[in-house]
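The structure appears below as structure tokens.
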Amino acid sequence: MINPRKSPDLIMIDVTQLRHLCFQIFVGSELPRIEHYSSKRNGDSITFLVVGDWGRGGYFNQSRVASQMGRIGKELDIDFVISTGDNFYDNGLKGVDDPAFHTSFTKIYTAKSLQTPWYIGNHDYQGNALAQLSPELKKIDPRWNCGRNFIVGAGIVDIIFIDTNPLVNKYFDNPKKQKFDWRGILPREKYISALQKNLDMELSKSKAPWKIVVGHHTMKSIGYHGDTLEIVDHLLPILEAHKVDMYINGHDHCLEHLSNKMGSMQFFTSGGGSKAWKNEIHYEMHKGSTHFYYDGQGFMSVKLSYEKAKIEFYDVYGKSLYYLKLKP
């Protein structure tokens, strides 16, 4: 049924590990891993916000969303923030000294509660795709943790970040003649094969009660873009085989929750960080498995404990639109 209704963390990352994460060229080895150690808790609960499709210099209500993220972040005493990608519009960063990093990130997410680690999926391939992966950005803003494919281990949850852009056929067919920076990706077939093997391996190894996969592109959506068939074909069978609890994405500039008819897996879209209101909704696509859809700006929160999870969506005014509780 569709229902529209503190102090910074201490994070311990080995320097060599961080460099490997930031400069990672995906060649089929195991995924880099960040262990998130919170000074707030003993690992028995984790709380974070999720926002996507945001970087527009504060315009298109990005600043308003950021303000409400700060308020809700304080109320929930969050441990970190996740970005689902499309970090800098329209064409990513030109380099590590691009002023867009400040005007769309550092000077926007200024609330005290948001001065926590940000774990960031990468999607911007029309600028300098390696710029967002550079450790130089972390020197500028210590919150910045961006990688292609990596894992955040946070006690009771393993969160695997997948760079889905190389899986999408239209970027390679490229009818618009866009210029993409595919350094570290080609040959594409090798990238996809390695990604599948590594994802399968990492999920097999995971002992965490909760398993979450984050990508930019939709897997199940009734929004403007709908399902991304390549993501469904390449990734969904692996996620289902390992009983992944959630797939979280952006790409559609909306907020939504769908579930998998074949199992307990949940699909969440949080792509309302700035420009939204596409006014194109395909209700017929997932009848019976669509639980919430909001065609507008906002973000989501996730609170996990060993026994349960609470997911909540908020609009640009910080109003709670929808929430649900899950068990692992």
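Laboratory data are not the source of any read-out in this text; all were calculated from the coordinates shown. Treat the numbers as computed from the prediction; the structure is a model and nothing was measured. Positions of Cβ are generated from backbone atoms using ideal geometry, with glycine treated the same way; all protein chains shown enter the neighbour counts.
Odds and ends about this structure:
- Gyration tensor verdict on segment 246-301 (Cα atoms; rounded if a/c is under 1.5, prolate if a/b is larger than b/c, oblate otherwise): oblate
- Helical content of the chain, expressed as a calculated mean residue ellipticity at 222 nm, amounts to -6000 deg cm²/dmol (DSSP H runs of 4 or more residues, -39,500 (n - 2.57) each, divided by residue number, nearest 500).
- Anisotropy class of segment 154-287 from Cα gyration tensor, a/c 1.5 cut: oblate
- Put a plus charge on the Cβ of each Lys and Arg, a minus charge on the Cβ of each Asp and Glu, and nothing anywhere else: the dipole of segment 15-326 about its Cα centre is then about 480 debye.
- Local charge for SER289 was computed over the other residues whose Cβ lies under 9 Å away, with Lys and Arg +1 and Asp and Glu -1, and equals +3.
- Karplus-derived 3J(HN,Hα), 6.51/-1.76/1.60, for each residue of segment 162-175, Hz, glycine and proline x: 10, 7, 7, 3, x, 7, 8, 4, 5, 6, 9, 5, 6, x
- The GLU35 and GLU280 beta-carbon pair, evaluated with R₀ = 41 Å, returns a calculated FRET efficiency of approximately 0.50.
- Modelled FRET efficiency - R0 22 Å, ASN169 with GLU240, Cβ distances, 0.05 increments: 0.50
- Highest-first packing order for the peptide set 142-151, 304-313 is 142-151, 304-313, based on the mean count of other beta carbon atoms within 10 Å.
- With an a/c value under 1.5 for the gyration tensor axes a ≥ b ≥ c computed over the alpha-carbon atoms, the chain is described as rounded.
- In sequence order, segment 125-131 has phi-based couplings of 10, 9, x, 8, 5, 7, 4 Hz under the Karplus curve 6.51 cos²θ - 1.76 cosθ + 1.60, θ = phi - 60°, and Gly or Pro positions carry x.
- Over 29 Å (Cα to Cα) - which of LYS74/LYS287; LYS179/LYS243; LYS278/LYS319; LYS139/LYS177; LYS170/LYS287; LYS261/LYS303 fall in this group: LYS74/LYS287; LYS179/LYS243; LYS139/LYS177
- Dipole of segment 15-326 [Lys/Arg +1, Asp/Glu -1 at C-beta], most positive-end residue of HIS102, TRP210, ASN279: HIS102
- Whole-Hz couplings from phi, Karplus 6.51/-1.76/1.60, listed for segment 289-299; x for Gly and Pro: 10, 9, 10, 7, 8, 9, 8, x, 8, x, 7
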